[in-house]
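Got a structure for you, written out below as structure tokens; questions coming shortly.
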Amino acid sequence: MPSATRETPRPAAAAENRKPLTKKELAADHPTWCPGCGDFSVLAVFFKLIEKARLHHEKIVSISGIGCSSRFPYFVQAHGVHFLHGRALPFATGVSLARPDLHVFAFSGDGDAFSIGGNHFSHTARRNIKMTLVVMDNWVYGLTKKQTSPTSPLGFKSKTDTWGAFDHPINPLKQAIAAGATFVARTTHTNPGHALQMMEAALHHDGFSYIECLSECVEFYQGAFDASNPRKGGVFNLVPSDHDATNEIAAYKLADAPFPGHFGIFYKVNRPTKNAKEAEISRAMRAKHKGLADWEILQKSFDRMK
Ligand SMILES: Cc1ncc(C[n+]2csc(CCOP(=O)(O)OP(=O)(O)O)c2C)c(N)n1
Ligand code: SF4
Ligand SMILES: [Mg+2]
């Protein structure tokens, strides 16, 4: 395969004569999250990212499912879709494949991404669709007022497990690596500088970039992440500097560390995206049927199927 086919078609660079957007220009509706919710911090980091990367409204799309975290697109002045519960990723896949001129971001909660949307997570990762998924993980269903989520730790008392959760929780990082994600990172809302670094790295990754972002639900799981927050007596350990992020087994082992674990990029490899592969097929078909309109090429395919 010639090297030109390996790169995902990219959004055009920002026009030089346009100023970066300010937080004020990027903010849409006033967020309806509870005071103190970790999601505020993730939104602020996202605004910073857009400003720093000099992206503009019409080049950004944020897509979400359902949940407190999934209200995200309402608060961003850009293209946005608040889609069906658990279905942000298939929608985002379509947008990413059809509109290579856009930067596609999906925002999800732990329930949205790993319960009802669990299958889509695996398939989007293995297909290496060009987009960034940020899961704002609070270890609980927040919007529906405290049910056990797939990431709730053993013993967590909720409305669905009044006696304490006893189903083994999933490890999102291990799940992402095993599913075939090509960029896997972990950060937390209590360290916005670090969260911004992870988002910048994800933005520039050519493929499916997944960020697990701890985001505390102060209403239904207060203190969940204190052990990872130095301001609350916890420890914030970066991924060791000698970690080889291209080594899948090493990444998996690192992801297996008990909470609070590590923060940073666990895994990052290059593999052609589905976007690039599909673009290559399109190019080849157009070259083969020179002069024909797209609909005529499509008609020929239908005729062959008869
Ligand atoms: C098909 C469907 N099933 C269930 C629900 C109810 N529901 C809404 S949000 C949600 C879970 C949200 O949890 P999470 O994704 O962790 O987001 P958070 O609110 O914690 O940010 C559920 C079960 C729904 N809206 N649609
Ligand atoms: S219920 Fe929890 S997750 Fe939802 S807005 Fe309030 S603090 Fe945030
Ligand atoms: Mg949640």
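Mind checking whether some residue in the range 198-210 is part of a loop (DSSP other than H, G, I, E, B), under 18 Å from Gly109 (Cα atoms) and either in the same structural domain as Gly118 (by TED's automatic domain parsing) or touching a residue at least 60 places away in the same chain (Cβ under 8 Å) (or both)?
no
Next question, about the same structure. Go through (1) touching a residue at least 24 places away in the same chain (Cβ under 8 Å); (2) in contact with a helix residue (DSSP H, G or I) (Cβ under 9 Å, 6 or more places away or on another chain); (3) surrounded by fewer than 18 Cβ atoms within 10 Å (Cβ to Cβ); (4) not small (Gly, Ala, Ser) one by one and return the number of the condition Arg286 breaks.
Unmet for Arg286, out of (1) touching a residue at least 24 places away in the same chain (Cβ under 8 Å); (2) in contact with a helix residue (DSSP H, G or I) (Cβ under 9 Å, 6 or more places away or on another chain); (3) surrounded by fewer than 18 Cβ atoms within 10 Å (Cβ to Cβ); (4) not small (Gly, Ala, Ser): (1).
Right, another one. Looking at (1) in contact (Cβ under 8 Å) with a residue 40 or more places away in the chain; (2) closer than 23 Å to Cys37 by Cα, which is the only condition Lys159 fails?
Just one mismatch for Lys159, condition (1).
Please go through the range 196-248 and give me each residue that is within 16 Å of ligand 1 (Cβ to nearest atom) and of a type in the set (Asp, Glu), ordered by number.
Once the filter is applied, which keeps residues that are within 16 Å of ligand 1 (Cβ to nearest atom) and of a type in the set (Asp, Glu), the range 196-248 yields Glu212, Glu216, Glu219.
Could you list all residues from the range 120-156 that are over 22 Å from Val42 (Cα atoms) and within 16 Å of ligand 3 (Cβ to nearest atom)?
Those that are over 22 Å from Val42 (Cα atoms) and within 16 Å of ligand 3 (Cβ to nearest atom): Gln147, Thr148, Pro153, Phe156.
In addition: Kindly provide the set of residues from the range 96-123 that are more than 16 Å from ligand 2 (Cβ to nearest atom), in contact with a strand residue (DSSP E or B) (Cβ under 6 Å, 6 or more places away or on another chain) and part of a helix (DSSP H, G or I), ordered by number.
Ser96
What number of residues within the range 22-61 are buried (at least 20 other Cβ atoms within 10 Å of the Cβ), away from ligand 3 (no atom under 16 Å from the Cβ) and of a type in the set (A, V, I, L, M)?
Number of matching residues: 7.
Among (1) without any contact (Cβ under 8 Å) to a residue 60 or more places away in the chain; (2) among the β-branched types (Val, Ile, Thr); (3) within 14 Å of ligand 2 (Cβ to nearest atom), where does Val81 come up short?
Here Val81 meets the rest and fails (3).
When both residues are 6+ apart or on different chains and their Cβ atoms are under 9 Å apart, which pairs have a first residue that lies in the range 87-107 and is closer than 18 Å to His204 by Cβ, and a second that is of a type in the set (D, E, K, R) and crowded, with 17+ Cβ neighbours inside 10 Å?
The qualifying pairs are Ser96/Lys130; Ser96/Lys274; Pro100/Lys130; Asp101/Lys59; Leu102/Lys59; His103/Lys59; Val104/Lys130.
Taking the condition of being away from ligand 1 (no atom under 16 Å from the Cβ) and not small (Gly, Ala, Ser), how many residues in the range 106-123 meet it?
1
Could you list, in sequence order, the residues of the range 155-169 that are surrounded by fewer than 17 Cβ atoms within 10 Å (Cβ to Cβ) and of a type in the set (A, V, I, L, M)?
Within the range 155-169, no residue meets the criteria.
Could you pull out the residue among Thr93, Thr151, Thr144 that is over 16 Å from Cys213 (Cα atoms), assigned by TED's automatic domain parsing to the domain that holds Lys24, part of a loop (DSSP other than H, G, I, E, B) and modelled with pLDDT of 95 or more?
Thr144
A further question follows. Which of the residues spanning the range 207-231 are of a type in the set (D, E, K, R) and over 24 Å from Lys145 (Cβ atoms)?
The one that is of a type in the set (D, E, K, R) and over 24 Å from Lys145 (Cβ atoms): Arg231.
Tell me, please, whether a residue that is more than 10 Å from ligand 1 (Cβ to nearest atom), basic (Lys, Arg) and assigned by TED's automatic domain parsing to the domain that holds Lys174 can be found in the range 54-62.
Looking through the range 54-62, at least one residue is more than 10 Å from ligand 1 (Cβ to nearest atom), basic (Lys, Arg) and assigned by TED's automatic domain parsing to the domain that holds Lys174.
The values are calculated or read from the model by the stated rules, or taken from the named source; none is laboratory data. Note that this is a predicted model, so its numbers are computed, not measured. Neighbour counts run over all protein chains shown; Cβ positions are idealised from the backbone, glycine included.
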